[in-house]
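Take a look at the structure below.
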Amino acid sequence: MENRKIEHLAVIMDGNGRWAKKHHLPRLAGHRAGAESLDRTMHWCKEAGISYLTVYAFSTENWKRSKGEVAGLMKLLSHFIKAKEKELIKNGIAFRVIGRREDLSPKLQKEIAALEEKTKGGDFTLVVALSYGGRDEIVRAAAKFAEQGHGDNLEEAFASCLDTAGIPDPDLIVRTSGELRISNFLLWQAAYAEFYFTDVLWPDFDKAEFDKAIVSFSKRERRMGGRLK
Ligand code: FPP
């Protein structure tokens with residue numbers, strides 16, 4: 001059957017805090033383990049022929065967390081950018097950030113822009129949502145849309161104003177840790193996405209669970225609003 005291939009996988013990496021608690025570790029250790037899980041998942045995606053992986057790393061609401069946790073997460077991101085540069089370039093992985101990047105420190109913004117520039121044109125793209133909220137993205141896109149002219153295809157013109165311009169919509173959205181919510185993630189882009197929810201905590205997301213998500217997707221009939229033949 002057609003329509004079974006995943007071009008774009010998106011993940012709500014949830015459960016780092018609970019994983020840390022379970023292992024009697026500080027929350028940041030959970031986020032560090034989460035970053036390692038992301039690293040593994042990125043490579044499984046590449047092997048599976050997926051072209052885009054988008055991960056929800058920091059939401060517009062996450063600024064409300066403790067100062068220490070926010071600072072720790074920012075440090076982790078900065079570390080990830082520096083530590084992964086060579087590997088991303090070597091493996092043809094493009095890095096791209098969506099969200100309110102102006103909310104981030106000028107230093108982190110510079111590091112992000114430099115990595116985006118250096119990894120441009122890779123055949124696999126890692127999209128990291130940072131200070132990201134779907135509603136916020138839509139509202140910013142609406143302001144941009146109102147300012148610029150557009151042709152007859154309004155949806156296409158609007159999509160080109162989103163942070164994800166040029167990125168196909170996600171085919172499958174995975175959320176770990178047993179929560180059954182979208183939490184302001186890719187609201188516009190998720191219109192026809194399939195969902196896969198698992199109780200596994202993000203740092204424990206392994207190849208078996210990845211394969212389960214892919215198989216589950218491949219068994220679904222994607223009607224995209226149309227009728228099945
Ligand atoms: C949700 O778990 C996870 C986050 C808010 C942060 C996700 C960040 C990473 C996986 C690592 C950093 C990413 C990169 C790109 C290096 P939670 O803290 O809400 O977990 P809980 O619900 O169990 O408390």
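The values are calculated or read from the model by the stated rules, or taken from the named source; none is laboratory data. No experiment lies behind these values; they were computed from the predicted model shown. Every residue, glycine as well, gets a Cβ built from its backbone with ideal geometry; the counts of neighbours run over all protein chains shown. Surface accessibility is based on the protein's heavy atoms, side chains included, excluding ligands, DNA and RNA. Shrake-Rupley method; radii C 1.70, N 1.55, O 1.52, S 1.80 Å.
³J(HN,Hα) across the range 107-113 via Karplus (A = 6.51, B = -1.76, C = 1.60, θ = phi - 60°), whole Hz, x for Gly/Pro?
Working through the residues one at a time gives 5, 5, 4, 5, 4, 5, 4 Hz.
Among all the lysines, which ones have a C-alpha under 29 Å from Lys107's C-alpha, if same-chain residues fewer than 8 places away are not counted?
The qualifying lysines are Lys64, Lys67, Lys75, Lys82, Lys84, Lys86, Lys90, Lys118, Lys120, Lys144.
Binning at 5 Å from 0, report for the range 64-176 what percent of all alpha-carbon pair distances ends up in each bin.
Reading upward from the zero bin: 2, 10, 17, 19, 19, 18, 9, 4, 1, 0.
Can you give me the % of accessible surface on the chain that is carbon or sulfur? Probe 1.4 Å, all protein chains present, nothing else counted.
Percent of accessible area from carbon and sulfur atoms in the chain: 53.
Which cross-chain or sequence-distant (5 or more) residues have an amide H under 5 Å from the amide H of Phe195, H modelled 1.01 Å from N in plane?
Ile173
What is the set of long-range amide H partners of Phe185 at a cut-off below 5 Å, with H atoms built 1.01 Å from backbone N?
Gly134
With +1 on each Lys and Arg Cβ and -1 on each Asp and Glu Cβ, and nothing else charged, work out how big the dipole of the chain is about its Cα centre, in Debye to the nearest 20.
I would put it at about 620 debye.
For Ala143 and Glu156 in one chain, what is 0.36 nm times their gap in residues minus the Cα-Cα distance, to one decimal in nm?
Answer, rounded to one decimal: 3.1 nm.
Which of the three applies to the range 1-74, rounded, prolate or oblate, going by the alpha-carbon gyration tensor with a ≥ b ≥ c and a/c under 1.5 meaning rounded?
It is prolate, given that a/c is not under 1.5 and a/b is the larger ratio.
From the P(r) of the chain, could you give the percentage of C-alpha pairs in the tail past 29 Å?
Every Cα pair in the chain considered, those over 29 Å come to 26 percent.
If exposed means no more than 10 neighbouring beta carbons inside 10 Å and the site is in a DSSP loop, what's the longest run of the chain without any exposed GluC sites (Glu not before Pro)?
3-220
Hey, rough spin-label estimate for Arg4 and Asp211, points 7 angstrom out along Cα→Cβ, what's it come to in nanometres?
Taking the simple label geometry, Arg4 and Asp211 are separated by 1.6 nm.
Can you return the aspartates and glutamates within cross-link range of Lys46? Criterion is Cα-Cα under 18 Å, with same-chain partners fewer than 8 residues away left out.
Here the aspartates and glutamates satisfying the reach criterion relative to Lys46 are Glu7, Glu36, Glu85, Glu87, Asp123, Asp169, Asp171, Asp206, Glu209, Asp211.
Ignoring ligands, DNA and RNA, what accessible area per residue does the chain give at 1.4 Å, in Å²?
In whole numbers, the chain has 53 Å² accessible per residue.
Considering only Val55, Val174, Val70, give the residue with the highest GNM mean-square fluctuation for the chain, with springs between Cα atoms whenever their separation is below 10 Å.
With Cα springs under 10 Å in the chain, the top fluctuation among Val55, Val174, Val70 is at Val70.
Given Cys161, Ser216, Gly134, which one lies farthest toward the positive end of the charge dipole of the range 86-229, if we put +1 on the Cβ of every Lys and Arg and -1 on the Cβ of every Asp and Glu?
Positive-end residue among those listed: Ser216.
Once label points are set 7 Å from the Cα along Cα→Cβ at both Gln109 and Asn91, what is their separation, rounded to one decimal in nm?
Once both label points are built, they end up 3.0 nm from each other.
State, to one decimal in nm, how far the label point of Glu102 lies from the label point of Arg223, with both points 7 Å from Cα in the Cβ direction.
4.3 nm
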